[in-house]
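Report on the following structure.
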Amino acid sequence: MTPDRPLYRAKLRLLGRPLTTERVGEEKLDNPTALGVLASDCISSSAYGSEQMLRVLVPVVGAAAFTLVLPVTGAILLVLLLLTFCYSDVVSIYTRAGGSYVVARENFGPNVAQIAAVALLVDYVVTVAVQVSAGTNALISLAHLVGDGWTGLDHLQLPVSVAVIVLLAYGNLRGVREAGRMFALPAYLFMAAMGLVFLVAAVRGLTGDLPRADLGAPGVVPLGEPGDGWLQGASLFIVLRSFANGGSSLTGLEAISNGVSVFHEPQGRNARRTLVTMSCVLAVLVLGVSTLAYRTHAVPYADGTPTVIAQEARLAFGDGVAGTVGLVFVQLATALILYTGANTPFTGFPFLAGFVARDRFLPRVLTRRGHRLAFSNGIIALTVLSLALLLVTGASVDRLVALYAIGVFTAFTMAGAGLTAYHLRRRGPLRRTKITVNALAAVASAAVVVIFAVTKFTEGAWLVVVVFPLGVWALTRINREYRREAAALERLPEGADRPRTRRHQVLVLVETLDLAALKALRHAHELRPDSVRAVHFAIDEAHAQRLAALWESTSATSVELELVACPDRRLRHAMRELAVRTTEDGQTALTVLVPRRMYANALGKALHRGTGESMARTLEQLPHVSVTILPFNASHAIEALEADRLPDLD
């Protein structure tokens, strides 16, 4: 039995024993676990959605923002209702994972579907960065409130966020079931914590005992002056910008449709039930946070901490010991749900990337399952991209939100438009209703995309606007290359695998007389060619003569050594000329064997450079010429000789 390599043994310790492919069907989630895993992103968005609305309104209309935030929240909930109906239709009709990508592909074709693919892939990357940054904000807010303004944790915003992303990646690399068990509980803790906040606040509000925040506290965002009219003096542009910010509350709604395949059968029905439950929970949370902001005047701070939701918990629970315990519970639950909300893309991104790769718009390596049946390459790609985004933005939620929502609302638009086209071509129950609802969802989502792109363009949305067409172009370019390869294969004549030459010659490149060269010569004879040649290019004349003398004196090989003069030291050029001369008759096939000496230690690798790849690139365009790089473990051979054993040349 071949012993495992050290790196693989370390992998076993980190990830556990590998799961066999036959167990793919076992890696499924029941509805409660799926709600915790897949809905965490969506539910946790309520922790900062209302605050993002207030960040736009408060500097313009001051305290009137707390009144204006309610109708803006109502508009967002209306969009949520339309999208819930839309995605309930998606998971009922398309029970394979892929969501809006599959909807767009089936109804508009694979090329148009790449718009949805890029939209979702970008959104997943941004979601990881936003959720993790907001989770760290929750912890820092707790330190601010419990420590009476203590800022000792502020410098840990970036390192803690980076560590959490690495931890999430590790959990998902272990497999979906382990990830589900690890990440489902925080969703329920957050629901319970916010339910407790709403209950206590409602009781204190009914008794007239619910306090308000100090709008003049140091560090709050600048307060504007309210005006007249139904917009309280705010321009339509400001209200639309607030609506765009609040639209971040709906990100993650598509996660269930992108992960339908992780549900137990019947997948469509289970996914639909979980989706409706998630939307109801989200609606209650968003409305609750906005209503509490209206009652308490919890105002955003310029540096992001303490957060609005943290202030609401402090105002609801009070300053006593019980209040502090309640605040700690809420903030820890908030941090956990935000952190685990960042886990949702680790489920959706690899599945979606695998779908796109199977359609030949992304590299096929993304379709492979890893050690624990997870799509490891997709998980690693998402981790690298989100870490890069986190480092560039300094884990600032404000800077990241500017990149948010465009991607997911573009996907919403594609889903709504695709289902509208689907029902237009078919006749079934409630056809007109479904057409109307899906068309409204598509129009509303497209409006959000336009609003967000215009109102947040100078704050960073321009980057997403630029990345979108570049991403679609890149995916289309990959697909074109795959299609070119497939078309070229189809044009090959019958019997293309049969030889077209009459003679076969094997040429072994010799640098020195050693075990690697002898193994290459043995392999050359096993190929049963018409002739075997051992060739040394004489770059160093003295070394070449010593090698020729040693070769002549040994009985280890029956092949004569040919010395080819190479006074200008252009080894690759000389090799190319020799190959051309050998095959110029059009009837001779040439195989060039290049011994590669492998070393276990870094010193051996540094002392002996390999030329195999460069030689292969030099000869790859020549007809009737092929290059084989033959590995030889020199370190093992040396160890065998030192132990007075003959090394194995096979």
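The values are calculated or read from the model by the stated rules, or taken from the named source; none is laboratory data. The structure presented is a predicted model; accordingly, all values stated were derived computationally and were not measured. Because the Cβ atoms are built from the backbone with ideal geometry, glycine has one as well, and the counts that use them run over all protein chains shown.
Across region 173-208, the qualifying residues are those that are at pLDDT below 85 and assigned to a loop (DSSP other than H, G, I, E, B), and the one among them that is nearest to Thr274 (Cα to Cα) is Ala184.
Among the residues of region 280-303, those identified as in contact with a Phe, Trp or Tyr (Cβ under 9 Å, 6 or more places away or on another chain) and surrounded by fewer than 24 Cβ atoms within 10 Å (Cβ to Cβ) are Val284, Gly288, Thr291, Tyr294, Arg295, Thr296, His297. When Leu336, Leu352, Leu282, Leu366 are screened for being of a type in the set (A, V, I, L, M), in contact with a Pro (Cβ under 6 Å, 6 or more places away or on another chain), touching a residue at least 12 places away in the same chain (Cβ under 8 Å) and part of a helix (DSSP H, G or I), only Leu336 passes.
Contact map, region 286-313: first residue on the phi < 0 side of the Ramachandran plot and part of a loop (DSSP other than H, G, I, E, B), second residue small (Gly, Ala, Ser) and at pLDDT below 90, Cβ cut-off under 6 Å, separation 6 or more or different chains; pairs are Ala298/Ala213; Val299/Ala213; Ala302/Gly219; Thr305/Ser141; Pro306/Ser141; Thr307/Ser141. Pairs are defined by a Cβ separation below 6 Å, a sequence spacing of at least 6 or placement on different chains, a first member in region 416-431 that is free of Cβ contacts under 8 Å to residues at least 40 places away in the same chain and under 20 Å from Gly99 (Cα atoms), and a second member that is surrounded by fewer than 19 Cβ atoms within 10 Å (Cβ to Cβ) and of a type outside the set (Val, Ile, Thr); the pairs so defined are His423/Arg431. Quickly run through region 539-558 and pick out the residues that are among the hydrophobic types (A, V, I, L, M, F, W, C) and closer than 18 Å to Ala520 by Cα. Scanning region 539-558 gives Leu547, Ala548, Leu550, Trp551, Ala556.
Evaluating Pro529 against the criteria (1) within 23 Å of Arg617 (Cα to Cα); (2) surrounded by 12 or more Cβ atoms within 10 Å (Cβ to Cβ) leaves one unmet condition, (1).
Taken together, Arg546, Arg528, Arg576 contain a single residue that is farther than 20 Å from Arg597 by Cα, at pLDDT 85 or above, assigned by TED's automatic domain parsing to the domain that holds Arg596 and in contact with a Ser or Thr (Cβ under 9 Å, 6 or more places away or on another chain), which is Arg576. Take Leu77 and decide whether it is touching a residue at least 12 places away in the same chain (Cβ under 8 Å), more than 20 Å from Leu275 (Cβ to Cβ), among the aliphatic types (A, V, I, L, M) and assigned to a helix (DSSP H, G or I). Here the answer is no, as Leu77 does not meet what is asked. In region 49-69, the residues that are in the same structural domain as Ala293 (by TED's automatic domain parsing) and small (Gly, Ala, Ser) form Cβ pairs under 8 Å with partners that are modelled with pLDDT of 85 or more and not in a helix (DSSP H, G or I), at six or more places apart or across chains, as follows: Ala63/His297. Counting only strands (runs of 3 or more DSSP E) that sit wholly inside region 500-577, those with at least 3 residues that are in contact (Cβ under 8 Å) with a residue 60 or more places away in the chain and not hydrophobic (A, V, I, L, M, F, W, C) are 503-509. Residues in region 107-163 that are among the β-branched types (Val, Ile, Thr), buried (at least 22 other Cβ atoms within 10 Å of the Cβ) and over 20 Å from Gly378 (Cα atoms): 2 in all. No other residue among Asp123, Asp89 is within 27 Å of Leu390 (Cβ to Cβ), out of contact with any strand residue (DSSP E or B) (no Cβ under 9 Å at 6 or more places or on another chain) and charged (D, E, K, R) apart from Asp123. Residues in region 456-468 that are part of a helix (DSSP H, G or I) and in contact (Cβ under 8 Å) with a residue 40 or more places away in the chain: Glu459, Ala461, Leu463, Val464, Val465, Val467, Phe468.
Evaluate region 117-140: report whether one residue or more is of a type in the set (Ser, Thr, Tyr) and either within 24 Å of Gly219 (Cβ to Cβ) or part of a loop (DSSP other than H, G, I, E, B) (or both). Yes. Given the structure, is Ala516 of a type in the set (Gly, Ala, Ser) and closer than 25 Å to Asn633 by Cα? When the stated conditions are applied, Ala516 passes them. Got at least one residue in region 59-68 being of a type outside the set (A, V, I, L, M, F, W, C), assigned to a helix (DSSP H, G or I) and either out of contact with any helix residue (DSSP H, G or I) (no Cβ under 9 Å at 6 or more places or on another chain) or closer than 15 Å to Gly288 by Cα (or both)? For region 59-68, residues of a type outside the set (A, V, I, L, M, F, W, C), assigned to a helix (DSSP H, G or I) and either out of contact with any helix residue (DSSP H, G or I) (no Cβ under 9 Å at 6 or more places or on another chain) or closer than 15 Å to Gly288 by Cα (or both): present. Set side by side, the residues Ala453, Ala411, Ala447 differ, and just one is in a helix (DSSP H, G or I) and within 17 Å of Gly252 (Cα to Cα), which is Ala411. Residues in region 545-559 include none that are aromatic (Phe, Trp, Tyr) and touching a helix residue (DSSP H, G or I) at 6+ places or on another chain (Cβ under 6 Å).
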